[in-house]
Amino acid sequence: MAKLDLHCHSTASDGALPPAELVARAAARGSRMLALTDHDCTAGLAEAGEAAREHGLDLIRGVEISVSWRTRTIHIVGLDIDPDCPALAAGLRAVREGRVERARRMEAALAKIGIHGAFDGAMALCGNPEMIGRTHFARFLVESGEVKNVATVFRKYLVKGKPGYVPHQWAELADAVGWIRAAGGVAVIAHPGRYDIGRQLQEELVQDFKAVGGEAIEVVSASHTLDQTHKFALLAARMELLASAGSDFHAPGEGGRDVGLTQDLPPVCVPVWSRFTPPRATPVAAN
Ligand code: AMP
Ligand code: MN
Ligand code: MN
Ligand code: MN
C-alpha cells in the first residue's frame with residue numbers, strides 16, 4: 001500500500017466527517033499525503049490544512065468538479081490547486097448555484113412516487129447547504145427507514161432512468177480543466193471505470209481531455225477492480241497521462257475504501273505527484 005490518498009470528501013460536500021476529523025483519521029491510519037477533493041467546493045481546505053500541520057501530513061489542496069461531457073456526467077479532480085484563484089472560485093460558484101434548484105426538482109420527482117419531505121430531510125443532513133446532492137437524499141431515505149442502505153437508494157431511485165433522477169447541466173470539460181490550470185493545479189479524470197463507456201468513447205474522452213490541457217487519470221480507485229486498475233494503467237501509459245490514486249472515501253461504513261492509504265500504482269505509471277509543486281516522492285514507511 002502507498003501512504004497516500006488523493007481523493008476524499010468531507011462535510012464541505014457529501015462526506016460525513018468534518019475536514020479535521022478526516023485528516024486525523026487518515027493520519028491515524030498511517031497516511032503521509034492526503035488530497036481533500038470535495039465536490040465543486042474548496043471550503044474544507046483551510047481546516048484540513050491546519051489539521052494536517054498538527055499531524056505532520058502533507059495536505060494537497062484539491063477539488064472534484066462535476067462536468068457534463070456529451071450526454072454524461074463525469075468528474076474531474078483538480079490537485080495541487082490554489083483555491084483563491086479567482087477563475088477557479090468563480091467557476092465553482094457557478095456550478096454550486098445549480099445544486100439547490102436541482103434538489104427542488106429531485107424533491108418533486110420523489111413526491112410523485114409518494115416520498116415526501118425529501119428536500120428538507122436531505123438539507124438537514126447537509127453540512128453545506130449550497131452543496132446539497134444525491135448523497136444527502138440517499139442518507140435521508142436510509143434514515144427515514146425507506147431503504148436499507150445508501151447503495152440501494154442509488155440503485156432504486158437516484159441513478160439515470162430511476163424515479164428520483166433529474167437531468168442537470170454541469171460545467172463544460174474545457175472550463176473545468178481551465179479553472180484547475182488557472183489555479184496552478186493538475187487535472188485528473190476521476191474514477192474512469194465508473195462511466196459505463198466502451199473503449200472507443202473512453203479514448204475520445206481522453207483525447208478531448210488532453211486537448212484542453214488535462215494531464216492525469218485515476219488509475220487506482222475504490223471504484224476499480226484489479227483488472228480495471230491494470231487496464232487504466234496501460235491506457236495512461238499509452239496516452240501519456242500521469243496516474244493518480246485515491247479512495248474516494250465519503251463516510252465510515254458507507255462502502256468502498258477507508259481514507260488514507262491506496263494500493264500501489266502499477267510500475268508502468270508515472271505518478272501525478274511528480275508534477276506537484278514541488279514534486280513529491282512516493283511516501284513510504286520510515287525506517
Ligand atoms: P451529485 O453530485 O449530487 O450528483 O452526487 C454524486 C455523488 O453521489 C457521488 O460523488 C457519490 O458520492 C454518490 N454516488 C453516485 N452514485 C452512487 C452509487 N451508485 N452508490 C453510492 N453513491 C453514489
Ligand atoms: Mn460524492
Ligand atoms: Mn466522483
Ligand atoms: Mn469523489
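Bear in mind that the values in this text are calculations on the coordinates, not laboratory data. Treat the numbers as computed from the prediction; the structure is a model and nothing was measured. As a convention, Cβ positions derive from the backbone with ideal geometry for all residues, glycine included, and neighbour counts pool all protein chains shown.
Listed here are the residues, each with its yes/no results for (1) over 30 Å from Glu204 (Cβ atoms); (2) surrounded by fewer than 19 Cβ atoms within 10 Å (Cβ to Cβ).
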residue: Ala26; (1), (2): yes, no
residue: His39; (1), (2): no, no
residue: Ile65; (1), (2): no, no
residue: His75; (1), (2): no, no
residue: Gly91; (1), (2): no, no
residue: Val95; (1), (2): no, no
residue: Gly114; (1), (2): yes, yes
If you take the residues of region 25-52 that are assigned to a strand (DSSP E or B) and under 12 Å from Leu6 (Cβ atoms), which of them is farthest from ligand 4 (Cβ to nearest atom)?
-> Met33
Taking region 262-279, which residues are touching a residue at least 60 places away in the same chain (Cβ under 8 Å) and of a type outside the set (D, E, K, R)?
-> Thr262, Gln263, Leu265, Val272, Trp273, Phe276, Thr277
Answer yes or no as to whether Ala28 is more than 16 Å from ligand 1 (Cβ to nearest atom), small (Gly, Ala, Ser) and under 26 Å from Ser221 (Cα atoms).
-> yes
Residue tally, condition more than 11 Å from ligand 2 (Cβ to nearest atom) and either closer than 18 Å to Gln263 by Cα or assigned to a loop (DSSP other than H, G, I, E, B) (or both), over region 1-24 = 10
Which residues, taken from region 57-86, are polar (S, T, N, Q) and without any contact (Cβ under 8 Å) to a residue 60 or more places away in the chain?
-> Thr71
Is it the case that region 187-200 has a residue that's surrounded by fewer than 15 Cβ atoms within 10 Å (Cβ to Cβ), touching a helix residue (DSSP H, G or I) at 6+ places or on another chain (Cβ under 6 Å) and either in contact (Cβ under 8 Å) with a residue 12 or more places away in the chain or not aromatic (Phe, Trp, Tyr) (or both)?
-> no
Could you list, in sequence order, all residues of region 258-285 that are crowded, with 19+ Cβ neighbours inside 10 Å and within 16 Å of ligand 1 (Cβ to nearest atom)?
-> Val259
Would you check which residues across region 220-253 are away from ligand 2 (no atom under 14 Å from the Cβ), under 20 Å from Arg134 (Cβ atoms) and either in contact (Cβ under 8 Å) with a residue 40 or more places away in the chain or part of a helix (DSSP H, G or I) (or both) and list them?
-> Pro252
Got at least one residue in region 73-89 being more than 16 Å from ligand 4 (Cβ to nearest atom), closer than 26 Å to Trp179 by Cβ, polar (S, T, N, Q) and not in a helix (DSSP H, G or I)?
-> no
Qualifying residues in region 187-210 (those that are away from ligand 4 (no atom under 16 Å from the Cβ) and either β-branched (Val, Ile, Thr) or within 18 Å of the chain's Cα centre (by Cα) (or both)) - the one nearest to Met106 (Cα to Cα) | Asp196
Search result, residues across region 133-159 that are away from ligand 3 (no atom under 16 Å from the Cβ) and over 19 Å from Gly253 (Cβ atoms) | Lys156, Tyr157
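Please work out if Arg70 is on the phi > 0 side of the Ramachandran plot and either basic (Lys, Arg) or touching a helix residue (DSSP H, G or I) at 6+ places or on another chain (Cβ under 9 Å) (or both).
yes
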Determine which single condition Gly256 fails, assuming it passes every other condition in (1) in a loop (DSSP other than H, G, I, E, B); (2) closer than 16 Å to Arg194 by Cα; (3) more than 16 Å from ligand 3 (Cβ to nearest atom); (4) not polar (S, T, N, Q).
-> (3)
Wholly within region 91-206, which helices (runs of 4 or more DSSP H) include no fewer than the required count, namely at least 1 residues that are under 25 Å from Pro18 (Cβ atoms) and out of contact with any Gly (no Cβ under 6 Å at 6 or more places or on another chain)?
-> 118-124, 134-143, 150-153
